[in-house]
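See below for the structure under consideration.
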Number of protein chains: 2
Amino acid sequence: MTEQGASVDLHTPVTESVPFYAIVPAGGSGTRLWPLSRSGAPKFLHDLTGTGRTLIQATVDRVMPLVAEDGVVIVTGERHAAAVSGQLPEVSEANIFTEPSPRDSMAAIGLAAAVLMKRHGDVIVGSFAADHVIADQVSFEAAVKSGIVAAQDGYVATIGIAATRPSTAFGYIHCGTSLGLGAAQDVRTVLSFTEKPDALTAQKYIATGQYRWNAGMFIARASVLLGHLREQKPQLHDGLMQIAQAWDTDERAAVLAKVWPSLDKIAIDHAVAEPVAALGGVAVVPAGFGWDDVGDFNSLAALLPSDDNAGSKVLGDSGQVVRIQSAGSVVVPSVKRVITVLGLDDVVVVDTDDAVLVTTRARAQQVKDIVAELRDRGLDELT
Amino acid sequence: MTEQGASVDLHTPVTESVPFYAIVPAGGSGTRLWPLSRSGAPKFLHDLTGTGRTLIQATVDRVMPLVAEDGVVIVTGERHAAAVSGQLPEVSEANIFTEPSPRDSMAAIGLAAAVLMKRHGDVIVGSFAADHVIADQVSFEAAVKSGIVAAQDGYVATIGIAATRPSTAFGYIHCGTSLGLGAAQDVRTVLSFTEKPDALTAQKYIATGQYRWNAGMFIARASVLLGHLREQKPQLHDGLMQIAQAWDTDERAAVLAKVWPSLDKIAIDHAVAEPVAALGGVAVVPAGFGWDDVGDFNSLAALLPSDDNAGSKVLGDSGQVVRIQSAGSVVVPSVKRVITVLGLDDVVVVDTDDAVLVTTRARAQQVKDIVAELRDRGLDELT
């Protein structure tokens with residue numbers, strides 16, 4: 001297979017061991033986690049689990065045992081590059097890619113895949129969002145390894161998380177039958193992807209036993225991913241290849257400035273995963289490691305241990321929180337103030353230097369409305 | 001009547017106009033208004049009504065039209081004297097009395113009455129708490145003037161506020177019949193005082209039409225007040241007279257240090273008002289000026305205008321408050337942060353530099369429990 005031109009050969013397995021590279025797109029502002037997450041300091045830069053590592057640090061920690069040397073590439077916005085670089089001394093500067101503007105996940109992942117292919121040949125790449133939380137490292141590694149087997153076999157492999165509740169916050173994967181891959185018998189074909197469903201649809205999905213949560217991880221040979229992209233979105237593909245050609249040269253800035261703004265803004269799910277699934281080219285690795293995209297304060301709460309016998313959670317120093325007649329609260333104190341809660345259950349209180357949020361766990365998804373309201377009022381500096 | 005020795009002659013009216021002096025006891029920490037009110041900065045030092053005047057400033061403003069020249073005396077704790085003095089440039093330093101330690105209202109008011117009597121003769125004194133809010137100045141002045149008439153007639157006059165709801169937060173006055181005072185026909189005898197009742201008792205009181213709220217204002221000739229005190233609490237009386245003798249001399253500090261710690265800690269209600277009412281010596285002026293002791297954030301809310309159509313109140317800059325799907329909230333922002341409330345009704349959020357309170361209006365009276373909890377944790381600096 002050549003870098004450009006030929007159509008994708010889905011099912012020619014490579015037999016030798018192929019190096020694996022992780023691509024970590026680090027974008028998105030996480031407005032449902034405001035005021036912790038800001039456009040200037042999005043959620044992936046924060047330690048949201050109280051482990052001492054930010055989400056992007058934990059993401060890199062997680063993939064490090066699986067990748068080739070210098071095998072992690074971060075793709076992030078210009079305004080976050082310095083913070084990302086500061087948090088990740090183990091990632092070389094050459095592997096921190098900055099986008100001039102957000103162009104969604106296909107451009108970010110496609111660019112990284114194209115540059116990695118130019119640098120290292122037809123390696124296997126996997127994309128891992130910078131802001132997800134995974135509990136079980138051993139299961140995660142096993143799943144990625146199964147994904148690599150499927151990728152060697154020519155598939156775009158994705159990881160399907162066991163759906164433990166009819167969540168309306170995640171996309172779903174409709175799983176087919178086993179592909180009979182030698183070293184990964186549990187890998188199945190993907191029949192289709194579905195967007196975040198309504199509650200009734202989600203319940204129906206769960207009842208069939210055929211649906212899994214889409215963790216947004218895609219593993220494929222670089223040539224396979226880019227080949228699909230060329231077929232599905234040829235302009236986007238060609239733009240990315242043009243940038244990749246110039247990436248490690250003096251031309252990078254000039255070509256980026258010229259080409260990047262013209263690129264399609266599209267998620268990898270729509271650009272590649274969905275159409276290629278329809279062609280039979282996507283595989284799913286069933287996995288059961290605790291996974292969450294920490295979308296809001298309610299899902300964040302689920303990841304924290306309770307610090308009392310009433311299901312209350314604190315992200316930070318629980319010595320700075322006083323609760324009286326309050327169960328199930330989620331409190332995020334800042335370092336400077338004591339937070340006191342009296343007689344309110346399931347309340348969310350988040351304190352920062354310039355803004356305080358008070359809401360309920362049930363309203364956690366609506367926190368983005370506050371960000372919208374602040375922007376309407378011209379208080380963009382708080383968002 | 002002499003300063004000391006003779007028994008009280010309750011019903012010898014003075015006919016000439018007697019100068020009136022206001023005594024403002026400024027004590028109490030207002031723990032139910034924490035974290036606004038602190039032991040180091042109690043509620044009377046705060047502008048709790050958004051008028052630009054603190055409660056003690058408003059109290060002095062209110063009595064100023066009624067009193068003789070240099071006619072306001074503040075009695076406060078040593079740690080608050082500087083703040084009180086700073087807020088009240090119109091009160092001379094000689095009229096800001098500092099107590100070495102809190103000895104409740106009888107000692108504070110009795111000392112001021114004794115010093116005023118020594119300085120000015122048998123004037124009429126009235127006590128007005130530093131932390132009450134009164135809406136209608138004209139009615140207030142009229143009521144105090146009726147109280148002065150009753151005081152001239154030898155009574156200890158109190159002001160009874162029309163009870164508009166069966167509050168369990170106030171004491172009640174059981175009113176008798178008119179005393180037939182020439183210039184103040186509506187002044188009645190007091191049958192008894194009752195402490196804060198339970199809800200059922202309060203409802204029964206209201207139903208009789210004979211009960212009024214005790215606003216804690218007492219107006220009497222200095223000699224009458226001190227005469228009653230001498231009869232009811234001779235040791236306290238003698239101690240106060242000893243201090244008063246030394247007050248405007250070089251001996252003040254020495255006598256205060258020796259005598260003050262030995263004084264009975266008792267409220268004027270128990271020391272004088274209740275026993276003297278039983279003797280027929282207390283009169284009540286019925287009044288209907290909007291009155292509140294601003295005991296907690298719920299009563300504070302009642303004093304503030306709504307800044308939306310949903311009964312929400314802001315003490316401070318409402319530009320610093322964002323509410324979405326929230327009715328009836330009470331928010332006190334600090335100058336430094338925006339407070340956002342999403343999906344909670346009747347919530348109370350108070351932000352300060354070192355502490356944030358989140359509770360409900362229904363729990364407002366329990367806020368003192370948070371102060372107790374902080375002290376239990378050794379966080380006294382926050383209280």
Going by the conditions given, is A:Ala183 farther than 14 Å from A:Val285 by Cβ and either assigned by TED's automatic domain parsing to the domain that holds A:Ala273 or hydroxyl-bearing (Ser, Thr, Tyr) (or both)? no
Kindly list the number of the only condition in (1) out of contact with any Lys or Arg (no Cβ under 8 Å at 6 or more places or on another chain); (2) free of Cβ contacts under 8 Å to residues at least 40 places away in the same chain that fails for B:Ser178. (1)
Could you grab the pairs with beta carbons closer than 7 Å, sequence gap of 6+ or different chains, first residue in the range A:51-72 and in contact (Cβ under 8 Å) with a residue 60 or more places away in the chain, second one among the acidic types (Asp, Glu)? A:Leu55/A:Asp131; A:Pro65/A:Glu141; A:Leu66/A:Glu141
Looking only at the range A:154-169, which residues are surrounded by fewer than 23 Cβ atoms within 10 Å (Cβ to Cβ) and of a type outside the set (Val, Ile, Thr)? A:Gly154, A:Ala162, A:Ala163, A:Arg165, A:Pro166, A:Ser167, A:Ala169
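Every residue, every condition in (1) in contact with a His (Cβ under 8 Å, 6 or more places away or on another chain); (2) under 26 Å from B:Asp292 (Cα atoms); (3) among the β-branched types (Val, Ile, Thr), yes or no:
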{"residue": "B:Glu69", "(1), (2), (3)": "no, no, no"}
{"residue": "B:Val75", "(1), (2), (3)": "no, yes, yes"}
{"residue": "B:Pro89", "(1), (2), (3)": "no, yes, no"}
{"residue": "B:Asp104", "(1), (2), (3)": "no, yes, no"}
{"residue": "B:Gly110", "(1), (2), (3)": "yes, yes, no"}
{"residue": "B:Ala114", "(1), (2), (3)": "no, no, no"}
{"residue": "B:Ala142", "(1), (2), (3)": "no, yes, no"}
{"residue": "B:Ser146", "(1), (2), (3)": "no, yes, no"}
{"residue": "B:Gln152", "(1), (2), (3)": "no, no, no"}
Of those in the range B:303-314 that are part of a loop (DSSP other than H, G, I, E, B) and either crowded, with 18+ Cβ neighbours inside 10 Å or within 27 Å of the chain's Cα centre (by Cα) (or both), the residue nearest to the other protein chains (Cβ to nearest Cβ) is B:Ser312
Exactly one of A:Tyr205, A:Tyr211 is farther than 24 Å from A:Glu141 by Cα, in contact (Cβ under 8 Å) with a residue 24 or more places away in the chain and hydroxyl-bearing (Ser, Thr, Tyr), and that residue is A:Tyr205
Helices (runs of 4 or more DSSP H) within the range B:33-146 that include 2 or more residues among the β-branched types (Val, Ile, Thr): B:55-63, B:104-120
Return the only residue of B:Tyr172, B:Tyr205 being assigned by TED's automatic domain parsing to the domain that holds B:Lys43 and buried (at least 23 other Cβ atoms within 10 Å of the Cβ). B:Tyr172
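Residues are listed down the side, and each one gets a yes or a no for (1) assigned to a loop (DSSP other than H, G, I, E, B); (2) more than 18 Å from A:Ala150 (Cα to Cα):
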{"residue": "A:Thr164", "(1), (2)": "yes, yes"}
{"residue": "A:Ser192", "(1), (2)": "no, no"}
{"residue": "A:Gln203", "(1), (2)": "no, yes"}
{"residue": "A:Ala220", "(1), (2)": "no, no"}
{"residue": "A:Arg230", "(1), (2)": "no, yes"}
{"residue": "A:Gln245", "(1), (2)": "no, yes"}
Boolean, B:Asp308 is over 17 Å from A:Asp354 (Cβ atoms) and either touching a residue at least 40 places away in the same chain (Cβ under 8 Å) or small (Gly, Ala, Ser) (or both): no
For the range A:2-26, what are the residues that are closer than 19 Å to A:Ala112 by Cβ, surrounded by fewer than 20 Cβ atoms within 10 Å (Cβ to Cβ) and modelled with pLDDT under 95? A:Glu3, A:Gln4, A:Val18
Check the range B:38-57 and report whether any residue there is small (Gly, Ala, Ser) and at pLDDT 95 or above. no
Given (1) more than 14 Å from chain A (Cβ to nearest Cβ); (2) in a loop (DSSP other than H, G, I, E, B), identify the lone condition not met by B:Ala283. (2)
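Here is a yes/no grid of residues against (1) under 24 Å from A:Lys265 (Cβ atoms); (2) within 15 Å of the chain's Cα centre (by Cα); (3) not aliphatic (A, V, I, L, M); (4) not assigned by TED's automatic domain parsing to the domain that holds A:Ile266:
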| site | (1), (2), (3), (4) |
| --- | --- |
| A:Val75 | yes, yes, no, no |
| A:Arg79 | yes, no, yes, no |
| A:Ala82 | no, no, no, no |
| A:Glu90 | no, no, yes, no |
| A:Thr98 | yes, no, yes, no |
| A:Ala108 | yes, yes, no, no |
| A:Ala113 | yes, no, no, no |
| A:Leu116 | yes, no, no, no |
| A:Ile124 | no, no, no, no |
So B:Asp292 fits all but one of (1) at the interface with another protein chain (Cβ under 8 Å from one of its Cβ atoms); (2) within 19 Å of B:Gly171 (Cα to Cα); what number is the exception? (1)
If you take the residues of the range A:21-50 that are in contact (Cβ under 8 Å) with a residue 24 or more places away in the chain and charged (D, E, K, R), which of them is farthest from the other protein chains (Cβ to nearest Cβ)? A:Lys43
With the range B:315-379 as the region, which strands (runs of 3 or more DSSP E) entirely inside it contain at least 1 residues that are at the interface with chain A (Cβ under 7 Å from one of its Cβ atoms), modelled with pLDDT of 95 or more and touching a helix residue (DSSP H, G or I) at 6+ places or on another chain (Cβ under 7 Å)? B:321-324, B:338-342, B:355-360
Sole exception among (1) in contact with a helix residue (DSSP H, G or I) (Cβ under 9 Å, 6 or more places away or on another chain); (2) within 28 Å of A:Ile370 (Cα to Cα); (3) within 11 Å of chain A (Cβ to nearest Cβ) for B:Leu300, by number: (3)
Residues that are out of contact with any strand residue (DSSP E or B) (no Cβ under 6 Å at 6 or more places or on another chain), over 26 Å from B:Gly319 (Cα atoms) and without any contact (Cβ under 8 Å) to a residue 12 or more places away in the chain: does the range A:287-294 have at least one? no
Tell me yes or no: at least one residue of the range A:256-265 is touching a strand residue (DSSP E or B) at 6+ places or on another chain (Cβ under 8 Å) and either over 28 Å from A:Leu240 (Cβ atoms) or buried (at least 20 other Cβ atoms within 10 Å of the Cβ) (or both). no
Apart from one, (1) in contact with a Leu (Cβ under 8 Å, 6 or more places away or on another chain); (2) of a type outside the set (D, E, K, R); (3) surrounded by fewer than 17 Cβ atoms within 10 Å (Cβ to Cβ); (4) assigned by TED's automatic domain parsing to the domain that holds B:Ala58 all hold for B:Gly281; the odd one out is (3)
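The values are calculated or read from the model by the stated rules, or taken from the named source; none is laboratory data. Note that the coordinates shown come from a computational prediction; the quantities given were computed from them, not determined experimentally. Here Cβ is always computed from backbone atoms with ideal geometry, including for glycine, and neighbour counts include all displayed protein chains.
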